[in-house]
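To start, the structure itself, in structure tokens.
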Amino acid sequence: MTAQLTIASRYCGPARSGNGGYTAGSLAEVVARTGGGDPTDHDQPVAEVTLRQPPPLDVAMTVQHLAADDPANVAGTDVTVLLMGGARIAEARRVDDDLDPVEPVSMSQATDAMARFPGLVSHPFPTCFACGPDRAEGDGLRIFPGTVAPGRVASLWLPHDSVAEASDLLDPGVQRVGPGTAWAALDCVGGWAGDMEERKMVLGRMTARVDALPVVGEPHVVVGEARGEQGRKTFTASTMYDSDGRIVARAQHVWIAVDPAAFG
């Protein structure tokens, strides 16, 4: 199976490359479809996406599925790769992982925390689709995670109708965001939980499960938690809750410390 995937410039993380969560979620959507699934279903498999290089913007990349027994596949399991020319940009696979959730906070706590978002003062990537303060309402997601406890951050998120991509399966009048946007909303909150203010990082790997695509116009709470460091790597997790306190999606991340100037 081969297809193409283009990350539009709207979905940048650093100015010159794709938001890691959006790219990962877009590739994970392909993984779900290769398994015969529907990305709007409420019972999606857990996908692990590893970013090998900064995803380019506005360039058609090749998506190729390699079976476990394919001679070109050294992973030993089915894998879906994202290629530009001969370069491997990312790879995705299904995994068996429960993804322990981050404990919730109230909407009022999440709203208050947004005023303490350190990125409002200093941000390594201020035009980031998910958490960039330079993005206008309705353009970026404007998820601004502020501290609620040591190693824990939270933000309120109200999905704008500009990111609506799918109708609800049971109620066509309800609009939901796409998988790429859902993953993006779970992305940067992890980085800020891992102290992005002091330790500049980009996403290296993200493992996520989306139980239900977020509903447009409904307030959600996104929480992040730091879960350790090892050398240049930082480990975090995030969880999204709907207005009734139900888990909508959850993720775990591996971040790589970088020099932001190298990404623009």
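The values are calculated or read from the model by the stated rules, or taken from the named source; none is laboratory data. As the structure is a computational prediction, the values presented were derived from the model and not from experiment. Glycine gets a Cβ as well: all are built from the backbone with ideal geometry, and neighbour counts include every protein chain shown.
Some observations on this one:
- Look at (1) surrounded by fewer than 21 Cβ atoms within 10 Å (Cβ to Cβ); (2) farther than 23 Å from GLY18 by Cβ; (3) touching a residue at least 60 places away in the same chain (Cβ under 8 Å); (4) aliphatic (A, V, I, L, M) and you find that ALA67 fails only one, number (3).
- Test result for VAL222, under 16 Å from ASN19 (Cβ atoms) and either touching a residue at least 24 places away in the same chain (Cβ under 8 Å) or of a type in the set (Lys, Arg) (or both): yes
- Residue in the stretch 165-181 that is of a type in the set (Gly, Ala, Ser), part of a strand (DSSP E or B) and at pLDDT below 95 present: yes
- Contact annotation: residue pairs with Cβ atoms under 8 Å, 6 or more positions apart or on different chains, pairing a residue in the stretch 51-64 that is more than 24 Å from GLN252 (Cα to Cα) with a partner that is part of a loop (DSSP other than H, G, I, E, B) and of a type in the set (Lys, Arg), are LEU57/ARG16.
- Test: residue in the stretch 241-250 that is under 13 Å from the mean Cα position of the chain (by Cα) and in contact (Cβ under 8 Å) with a residue 40 or more places away in the chain: yes
- Of the residues making up the stretch 177-186, one or more are crowded, with 19+ Cβ neighbours inside 10 Å, closer than 22 Å to GLU103 by Cα, aromatic (Phe, Trp, Tyr) and within 12 Å of the chain's Cα centre (by Cα).
- Reported count of residues in the stretch 21-54, each being modelled with pLDDT of 95 or more and over 15 Å from VAL81 (Cα atoms), is 2.
- One residue from ALA87, ALA8, ALA60 being closer than 28 Å to TRP192 by Cα, modelled with pLDDT of 85 or more and not hydroxyl-bearing (Ser, Thr, Tyr): ALA8
- All positions within the stretch 198-254 that are touching a helix residue (DSSP H, G or I) at 6+ places or on another chain (Cβ under 8 Å) and not in a strand (DSSP E or B): LYS200, LEU213, PRO214, VAL216, GLY217, PRO219, SER243
- Number of the condition not met by ALA72 [criteria: (1) more than 19 Å from the chain's Cα centre (by Cα); (2) modelled with pLDDT of 90 or more; (3) exposed (fewer than 12 other Cβ atoms within 10 Å of the Cβ); (4) of a type outside the set (D, E, K, R)]: (2)
- Any hit, the stretch 189-208, residues being at pLDDT 95 or above and of a type in the set (D, E, K, R): yes
- The stretch 244-264, residues that are over 21 Å from CYS12 (Cα atoms) and at pLDDT below 95: none
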